[in-house]
2 protein chains.
Amino acid sequence: MFKQRIQQVKQKISKAKLDAIWICDVSNITYLTGFSNFSKEEREAYLLIGKDFQFIITDARYSEAVRKEIPHLKLFERSHQNPTEKLFESLKNKIKVLGIEEDELTVLEYKSLKKHFKKTKHFNLKTNRLIKTPEEIKKIEKACKLGDLAFKYILKKIRTGISEKELAYELEKFIKENGAELSFPSIVAFGKNSSVPHHQTGNTKLEEKHGQFVLLDFGVKLENYCSDMTRTVFFGKPSKEQQKIYETVLSAQQKAVDYINKTLKSGKKIWASKVDIAARDYIISKGFPTIPHSLGHGIGLEVHEHPSLSPKSKEDLKSGMVFSIEPGIYIPNLGGVRIEDLFVLENQQLRALTGSSKALIII
Amino acid sequence: MFKQRIQQVKQKISKAKLDAIWICDVSNITYLTGFSNFSKEEREAYLLIGKDFQFIITDARYSEAVRKEIPHLKLFERSHQNPTEKLFESLKNKIKVLGIEEDELTVLEYKSLKKHFKKTKHFNLKTNRLIKTPEEIKKIEKACKLGDLAFKYILKKIRTGISEKELAYELEKFIKENGAELSFPSIVAFGKNSSVPHHQTGNTKLEEKHGQFVLLDFGVKLENYCSDMTRTVFFGKPSKEQQKIYETVLSAQQKAVDYINKTLKSGKKIWASKVDIAARDYIISKGFPTIPHSLGHGIGLEVHEHPSLSPKSKEDLKSGMVFSIEPGIYIPNLGGVRIEDLFVLENQQLRALTGSSKALIII
């Protein structure tokens, strides 16, 4: 599979009239090699792929593993004695135009490449990851299913006195004990904390009183693929206003789904921006503030990928895309509700990958 | 404290003949604001600091939290309706030369800044973090102390049949149950896996046989500050060769410590490269391969900071610096030993912050 992906990239390189590409994005490296051990925070490896060569550049910490797991790439082991510049010099005549990831490469790295390769051009490998194969969809679905089990499990842990951090930790333990990782640090927000869409899970405790929001936004990472889901439940009976907020968010998500289904039937292009607006306008029409974030995002090896479902998005939704639909209403000093599910477009249908109940849950 | 840091930065800006700086590095944002909730994987915030202005640029997901926790910075809430370009335009006349973090800023971000600010210059805020305050040192020490407890705890969990992943998970649970985070994904390597310096913790299990290496490289993050420590113990009696490797690594670490102490006494500059070479040459002199990584690295808000203790380093070690000394010997198909401790230079003395035993441990 990975050899095939490299072949596809090579075709894309010729099409783009490039002689080679320089890949630094860790998820792109994983996408092309299957190797997922490089740090996301530091630059530990690069790929250099041209028509008739394919290198992985890393240091001695990784060379044994790379030789074993990616034998079809040629290893260039960089070190003080053997700097990457040596490789550049040896390929200088073969590379007139080099493709680079302008959205990932740092200015410092760019300047150092520029010393060897005069002409560079932006190259976007992330669009290759936009359309998922059935195998990739299966992996995301598997992660979603474990997320559903985690949600079911965590509902039983919600009780007076538990803190956001403790609840997040219970969630994490469940996911890890089932052999998976978190796809991002879980967001657990109690009461009015839920009015901050990206609340930092803290020491707030659930109190013995009515109508506390419990917002849970979490994801599972399984075999390198991510899930992402948000549910908001109530600890103690919600007020009429809280119920209205909940129902409005839920209907807004349905509006987006309806818009996609209707457009699918019509055979027209499904503009991501229009999906966003279908949900957003509904929320505004009910007298609530606009959603302070995009309606949704693609997902795969990373939690946030293309397409973007936002008012300014220029993308259209196509078969094989996997994305979230996650409207929310946030009222300062009161709280907020977000409901997020993952969907896949396939066989002219929209299918939910997350399966947890969206009925209003009171604990 | 954070206000004072921003004042220091302003002085540095004038000294460097800049009109303002554009900060994107998340750890630098935490350093200057104390706010640590922005993602490390996505660009969720920037700082723009000039002589008479100081902005934090983020989106509506964070604005409530930012207003509360960093009131001394002016919030620019970016959105589709209010793009950052508006801020740039309003400050265009005040900013002739803009400082940027070339080692962090992407080419795409750079190009977009260049549209508004013709002249940019590299600005390194990371050097501000090089010398730690007594308060910062205390935080790192606290993280190290919890790391020591974790090591003591984990020794009791090492048994026949346990896998690397299971052991890493026990370590993680202990650290999290003590209110801290991991500073990086723990490296647990059994047997010959330990010959890969950055082995990906996997499903290898401890067997009932003699002399299996158990390499544990892990760190604690407490109040945003990191610890980092490596110990290698033996499951079952080690062979003579394994013992020799262990003793050589331990002595190599001592050689580096001795070199620093000797140079401190002489009053000369302590070149980081020479510290590296003191340990490295000792290992080579005993007939083992050279260390396939640097001898050590600074640490603080990030696990890897300046200074770098490597053969090519141009830095010298100064009072207030905190860094690791971590020699290792790695023999393919046999295994490896690494011993890593954190040290601080203060009051003309080198002091270890990690306190776990380095006697050869057999389980």
Inset, instruction - Collect the residues in the stretch B:83-98 that are open to solvent by 10 Å² or more (accessible area, probe 1.4 Å) and within 13 Å of chain A (Cβ to nearest Cβ), keeping them in residue-number order. - result: B:Pro83
Legend entry - Candidate set: the stretch B:130-170, residues that are charged (D, E, K, R) and touching a strand residue (DSSP E or B) at 6+ places or on another chain (Cβ under 6 Å); chosen: the one farthest from B:Asp25 (Cα to Cα): B:Glu164
Inset, instruction - Answer yes or no as to whether A:Ile49 is in a loop (DSSP other than H, G, I, E, B) and either outside the structural domain of A:Gly300 (by TED's automatic domain parsing) or at pLDDT below 95 (or both). - result: no
Legend entry - Selection within the stretch B:328-363 - away from every other protein chain (no Cβ under 14 Å), in contact (Cβ under 8 Å) with a residue 60 or more places away in the chain and more than 18 Å from B:Tyr225 (Cβ to Cβ): B:Val337, B:Ile339, B:Gln348, B:Gln349, B:Leu350, B:Ser356, B:Lys358, B:Leu360, B:Ile361, B:Ile362, B:Ile363
Legend entry - Among the residues listed as B:Ser79, B:Ser27, B:Ser90, B:Ser39, the single one being in contact with a Lys or Arg (Cβ under 8 Å, 6 or more places away or on another chain), outside the structural domain of B:Leu222 (by TED's automatic domain parsing) and small (Gly, Ala, Ser): B:Ser27
Legend entry - Checklist (1) open to solvent by 50 Å² or more (accessible area, probe 1.4 Å); (2) within 22 Å of the chain's Cα centre (by Cα) applied to A:Glu44, failing item: (1)
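Yes/no per residue for (1) within 10 Å of chain A (Cβ to nearest Cβ); (2) closer than 26 Å to A:Glu42 by Cβ; (3) charged (D, E, K, R); (4) under 15 Å from the mean Cα position of the chain (by Cα):
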position	(1), (2), (3), (4)
B:Ile100	yes, yes, no, no
B:His116	no, no, no, no
B:His122	yes, yes, no, no
B:Arg129	no, yes, yes, yes
B:Glu141	no, yes, yes, yes
B:Ala150	no, yes, no, no
Inset, instruction - Being part of a loop (DSSP other than H, G, I, E, B), open to solvent by less than 50 Å² (accessible area, probe 1.4 Å) and within 14 Å of chain A (Cβ to nearest Cβ) is the filter here, so list the residues in the stretch B:60-78 that pass it. - result: B:Ile70
Inset, instruction - Consider B:Ile283 carefully, then state whether it is out of contact with any Pro (no Cβ under 7 Å at 6 or more places or on another chain) and modelled with pLDDT of 95 or more. - result: no
Inset, instruction - Grab the strands (runs of 3 or more DSSP E) fully contained in the stretch B:154-228, keeping just those with 1 or more residues being outside the structural domain of B:Ile299 (by TED's automatic domain parsing) and either at pLDDT below 95 or open to solvent by 20 Å² or more (accessible area, probe 1.4 Å) (or both). - result: none
Inset, instruction - Just give me the residues in the stretch A:120-142 being closer than 13 Å to A:Ile23 by Cβ, open to solvent by 30 Å² or more (accessible area, probe 1.4 Å) and among the basic types (Lys, Arg), in sequence order. - result: A:Lys126
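The values are calculated or read from the model by the stated rules, or taken from the named source; none is laboratory data. Keep in mind that this is a model prediction, so the values were computed, not measured. Methodologically, a virtual Cβ is constructed for each residue, glycine included, from the backbone with ideal geometry; neighbour enumeration extends over all protein chains shown. For accessibility, only protein heavy atoms count, side chains too; no ligands or nucleic acids. Shrake-Rupley method; radii C 1.70, N 1.55, O 1.52, S 1.80 Å.
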